[in-house]
Amino acid sequence: MATVLILFAHPLLEKSRAHLQLIAAARNLPGVTIHDLYERYPDFDIDVRREQQLLSEHDYIVLQFPFYWYSTPPLLKQWQDLVLEHGWAYGRKGTALEGKRIFAAISSGGSQEAYQEQGFNRYPLADYLRPLERTAGLCRMQWWPPFWVPGVHRIDDHDLRRYGQQYRQLLTALTGDLLRDDEALNAAYLNELLPSSTNTI
């Protein structure tokens, strides 16, 4: 069985319908570790060695967060700055993460239509995720497309539950090594590979 580490970063989880649903769907899955960064590090004092050990112990890395100002929440950015050290995660001798798969599981207030060249945000979501993609490449990891829950301010409870089901199916597929690189990389969003896809993606 493959192992999955969810690096979860939400500064206001109690106010998030979408991420409460996703985290509930991910709980109690064999091989899946949910690591809540804001719960673990409320003072932002990150235990770098512990974080590196967690990364080393898992095959898939999921960066789960709400899309804030076209970027990650601040604690996740600090986590990247401190944990992904030169000589460990990247650089000539930095090979600790080589070969691992990594992707983002994100929510956004904007709809899918808003993240297009003619939409409100003017660029597709993938363009905004380029810094994470390049970080993955620098660390010799394989970047996969995101799992995306768009339009969370207008989505109803029924569709939220369906996204939760999708997320659970995705994590189960990962622990079973049922998704290949070519399948993932040919999808715009990982949601497309799951049987309960909603019409919003």
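The values are calculated or read from the model by the stated rules, or taken from the named source; none is laboratory data. Everything numeric here is computed off the predicted structure, so don't read it as measured data. Glycine also receives a Cβ, built like all others from the backbone with ideal geometry; neighbour counts cover every protein chain displayed.
Results, tabulated for the structure shown:
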| read-out | value |
| --- | --- |
| Single residue of segment 116-157 satisfying the filter (part of a loop (DSSP other than H, G, I, E, B) and within 15 Å of the chain's Cα centre (by Cα)) that is farthest from TYR90 (Cα to Cα) | PRO150 |
| Odd one out for LEU179 among (1) without any contact (Cβ under 8 Å) to a residue 60 or more places away in the chain; (2) surrounded by 14 or more Cβ atoms within 10 Å (Cβ to Cβ); (3) touching a strand residue (DSSP E or B) at 6+ places or on another chain (Cβ under 8 Å) | (3) |
| Segment 182-198, subset surrounded by fewer than 19 Cβ atoms within 10 Å (Cβ to Cβ) and among the polar types (S, T, N, Q), residue farthest from GLN21 (Cα to Cα) | ASN186 |
| Residue check, TYR70 at pLDDT below 95, in contact with a helix residue (DSSP H, G or I) (Cβ under 7 Å, 6 or more places away or on another chain) and closer than 17 Å to GLU133 by Cα | yes |
| Pick from segment 78-93, criterion in a loop (DSSP other than H, G, I, E, B) and touching a Gly at 6+ places or on another chain (Cβ under 7 Å), ranking: surrounded by the fewest Cβ atoms within 10 Å (Cβ to Cβ) | LYS93 |
| Residues within segment 189-201 that are modelled with pLDDT of 90 or more and assigned to a loop (DSSP other than H, G, I, E, B), tallied | 1 |
| Any hit, segment 48-66, residues being loosely packed, with under 15 Cβ neighbours inside 10 Å, in contact with a helix residue (DSSP H, G or I) (Cβ under 8 Å, 6 or more places away or on another chain) and without any contact (Cβ under 8 Å) to a residue 60 or more places away in the chain | yes |
| Of all residues making up segment 45-77, the number that are more than 12 Å from the chain's Cα centre (by Cα) and either farther than 23 Å from TYR123 by Cα or not in a helix (DSSP H, G or I) (or both) | 21 |
| Single residue of segment 5-20 satisfying the filter (of a type in the set (A, V, I, L, M) and over 15 Å from LEU75 (Cβ atoms)) that is modelled with the highest pLDDT | LEU5 |
| Test result for ALA96, in contact with a Phe, Trp or Tyr (Cβ under 7 Å, 6 or more places away or on another chain) and outside any loop (DSSP other than H, G, I, E, B) | no |
